[in-house]
Each structure stands twice: as structure tokens, then as C-alpha cells.
1. List the number of the failed condition for E71; all other conditions in (1) at pLDDT 95 or above; (2) closer than 23 Å to L191 by Cα; (3) acidic (D, E) hold.
2. Identify, from the list P14, P53, P30, P7, the residue that is in contact with a strand residue (DSSP E or B) (Cβ under 7 Å, 6 or more places away or on another chain), at pLDDT below 95, at negative phi and of a type outside the set (A, V, I, L, M).
3. Check whether at least one residue in the stretch 117-128 is among the charged types (D, E, K, R), touching a helix residue (DSSP H, G or I) at 6+ places or on another chain (Cβ under 9 Å) and either within 20 Å of N52 (Cα to Cα) or assigned to a strand (DSSP E or B) (or both), and report yes or no.
4. A92: among the aliphatic types (A, V, I, L, M), more than 15 Å from the chain's Cα centre (by Cα), part of a loop (DSSP other than H, G, I, E, B) and closer than 17 Å to L49 by Cβ, yes or no?
5. What number of residues in the stretch 113-146 are free of Cβ contacts under 8 Å to residues at least 60 places away in the same chain and either within 15 Å of Y76 (Cα to Cα) or not aliphatic (A, V, I, L, M) (or both)?
6. When you go through (1) surrounded by fewer than 15 Cβ atoms within 10 Å (Cβ to Cβ); (2) within 15 Å of T50 (Cβ to Cβ) one by one for D151, which number turns out not to apply?
7. So which pairs qualify, if the first residue must be in the stretch 51-79 and farther than 15 Å from T158 by Cβ, the second must be of a type outside the set (A, V, I, L, M) and surrounded by fewer than 16 Cβ atoms within 10 Å (Cβ to Cβ), the Cβ gap must be under 7 Å, and the two must be at least 6 apart or on different chains?
8. So which residues in the stretch 88-130 are acidic (D, E), closer than 22 Å to N145 by Cβ and out of contact with any strand residue (DSSP E or B) (no Cβ under 8 Å at 6 or more places or on another chain), if there are any at all?
Amino acid sequence: MLTAATPGRASRRPSACLAATLALLAVGSPAQEADIAWKHVAEAAEVRLTANPLGIASRIAFYEARGFPAEAIRPYAQACGFSLGMHNGSAATVRTRLADWQAIGADGRTVALRPPASWDARWDAAGISPPARIAFRWAQFQAENVFEPGDWIMGMATLDGTPAEPFRIVARFRDAVTDRAAGQETVLQGLECARD
């Protein structure tokens, strides 16, 4: 585990790790998005939302490779989580806030999406290294996003609980220029948490 940058080869590892994380999870193009086999897809007002459930073992392995002890990342990995992608195919600039999104269980109970900052506070208290915490932040679907026309991102997100399955995620978005909120949402249907 690297605790500080040192001259030579070891000092480049956190940068390489961050670059790989960005390449795989946080940036891309619609063409790259088309290469991913998304299990769940929804679109409204030319804003496309995609999701794949994330298993426990894969998240533990992903974050162990980025400096997290397995026991530290386990609560995150055990939370119901998804890889989310969002593409703004409209001509307008749109804004999203995870605080405006919710999962709705088959029983009608709602569950919030957990903001990345709440996990980061846990990592701070556990003494997780700064490079590992940076990799974690970059791999998350951000709490707030502004999408210019054509923008696309991808990241991980967890729920604050486990809704009755199958559940749906209602993802609200706003026109960033007029801040119009009413009626702008896309809904992912038939979701289940990963089983592994």
C-alpha cells in the first residue's frame, strides 16, 4: 500500500490507477457507451439512463486494487449498488441531483440513493489513504451533474436500503438554463440487486 509519493516508479502508481479508473468508469462517449451491454435502459426527453447491478465480489476486488482494505470496503460492496450511465442526447443543458432520485419498491416504499459524500466521510474516519479515496470519488456517479448536449458519464451508486424487488429508480432531471423541474424524469424498471 502506498502512503506517500516517493521518487521513482511507485510515485506513478496512484496516477496510473486514477487514469484507469477514469477511463473505465467516469468518462466516455456515446460510441463507447454502445459497447456496454446494459441490462436496464430508459429514456425521456432525449436523456438516456442505463444501469447494471454490481456484485459484492467485483466491488471488493475493484477497490482493493485501488488501496482499500477488503473489510473497509465491504459495507459499500454489500449495499445494493449499480453502475449507472447517463447521456444527454437533447439540445438543452440538463442538471441532475442524486438527492432528487429515488428507488420505489414493489411494495411502494421509497429508498433514497446514498450520496457519495456519506461514504467518503466513512473512509475519512477509517483512515483510508488519499489516493484510494480519490479513486473512490472518481468512480462514483456524482451527487450533482451538469450535462451539456451530447455529454455522457458513467459511475457507481448505492441505495440507502434494499427495496422490495423488482423495484424502479425514478431519476429526475432539470433543464439547467430554466431550472424547469416538473415532468422531467426517466424511470428504470424491473431492477434487482445483484446476487453473488
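1. The failed condition is (2).
2. Values: P14 fails: in contact with a strand residue (DSSP E or B) (Cβ under 7 Å, 6 or more places away or on another chain); P53 fails: at pLDDT below 95; P7 fails: in contact with a strand residue (DSSP E or B) (Cβ under 7 Å, 6 or more places away or on another chain).
Exactly one residue qualifies, and that residue is P30.
3. At the first step, the residues of the stretch 117-128 found to be among the charged types (D, E, K, R) are 120, 122, 124.
Subset that is touching a helix residue (DSSP H, G or I) at 6+ places or on another chain (Cβ under 9 Å): 120, 122, 124.
Those still in the list that are either within 20 Å of N52 (Cα to Cα) or assigned to a strand (DSSP E or B) (or both) too: none.
Within the stretch 117-128, not a single residue is among the charged types (D, E, K, R), touching a helix residue (DSSP H, G or I) at 6+ places or on another chain (Cβ under 9 Å) and either within 20 Å of N52 (Cα to Cα) or assigned to a strand (DSSP E or B) (or both).
4. Working: among the aliphatic types (A, V, I, L, M): yes; more than 15 Å from the chain's Cα centre (by Cα): yes; part of a loop (DSSP other than H, G, I, E, B): yes; closer than 17 Å to L49 by Cβ: yes.
Spelling it out, A92 is indeed among the aliphatic types (A, V, I, L, M), more than 15 Å from the chain's Cα centre (by Cα), part of a loop (DSSP other than H, G, I, E, B) and closer than 17 Å to L49 by Cβ.
5. Of all residues in the stretch 113-146, those free of Cβ contacts under 8 Å to residues at least 60 places away in the same chain come to 113-127, 130, 133, 137, 140-146.
Right, trim to either within 15 Å of Y76 (Cα to Cα) or not aliphatic (A, V, I, L, M) (or both) and you get 113-127, 130, 133, 137, 140-142, 144-145.
Going through the stretch 113-146 one residue at a time, the tally reaches 23.
6. Against the list (1) surrounded by fewer than 15 Cβ atoms within 10 Å (Cβ to Cβ); (2) within 15 Å of T50 (Cβ to Cβ), D151 comes up short only on (1).
7. Qualifying pairs under 7 Å: A57/D196; A70/E64.
8. Going residue by residue through the stretch 88-130, those that are acidic (D, E) are 100, 107, 120, 124.
If we keep only those that are closer than 22 Å to N145 by Cβ as well, we get 100, 120.
Residue satisfying the conditions is D120 alone.
The values are calculated or read from the model by the stated rules, or taken from the named source; none is laboratory data. Everything numeric here is computed off the predicted structure, so don't read it as measured data. No Cβ is skipped: glycine too gets one built from the backbone with ideal geometry, and neighbour counts run over all protein chains shown.
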